[in-house]
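One structure is given here, and the rest of the page talks about it.
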Amino acid sequence: MTELEKKLGDMHVVEKIMPGFNGDHAEKEKKLKLLKDAYVSTLQSEKNLAQGFTSLIDSAKKTLQVLDRPELESKNAPKLLYWKDETEAHSITTNELDIS
């Protein structure tokens with residue numbers, strides 16, 4: 001792409017005005033535009049991939065923090081209260097109980 005840009009920049013004014021004079025300037029410009037579009041598209045795809053990996057890495061860091069210090073997470077976690085009586089089994093979750 002850089003080589004093609006250099007060739008177009010080095011062209012004489014007459015060659016730019018009259019594409020058929022010495023080579024096809026319009027064809028070279030078309031090719032350069034296609035290369036630039038492909039390059040921009042590739043960069044955008046790479047940016048999207050990087051953003052996806054960034055959220056994955058952040059999620060992994062949070063998971064690692066919980067795994068390293070589970071006692072901190074369990075203090076804030078809701079408690080499961082389960083009981084069984086004559087009719088059936090019951091269960092609820094609540095943050096209001098302090099079960100130690």
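The values are calculated or read from the model by the stated rules, or taken from the named source; none is laboratory data. Please read all numbers here as calculations on a predicted model, not as lab measurements. Because the Cβ atoms are built from the backbone with ideal geometry, glycine has one as well, and the counts that use them run over all protein chains shown. Just the protein is used for accessible areas: all its heavy atoms, side chains included, with ligands, DNA and RNA removed. Shrake-Rupley method; radii C 1.70, N 1.55, O 1.52, S 1.80 Å.
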For segment 37-62, list residues with backbone N below 20 Å from a point placed 7 Å from the Cα of D68 toward its Cβ?
54-62
Rolling a 1.4 angstrom probe over the protein chains, ignoring ligands and nucleic acids, what is the accessible area of S45 in square angstrom, nearest 10?
60
Extension length gain for K79 and E29 (0.36 nm per residue less Cα distance), in nm, is 11.2 nm
Given 0.36 nm per residue, what is the gain on full extension from Q51 to D37 after removing their alpha carbon distance, in nm?
2.9 nm
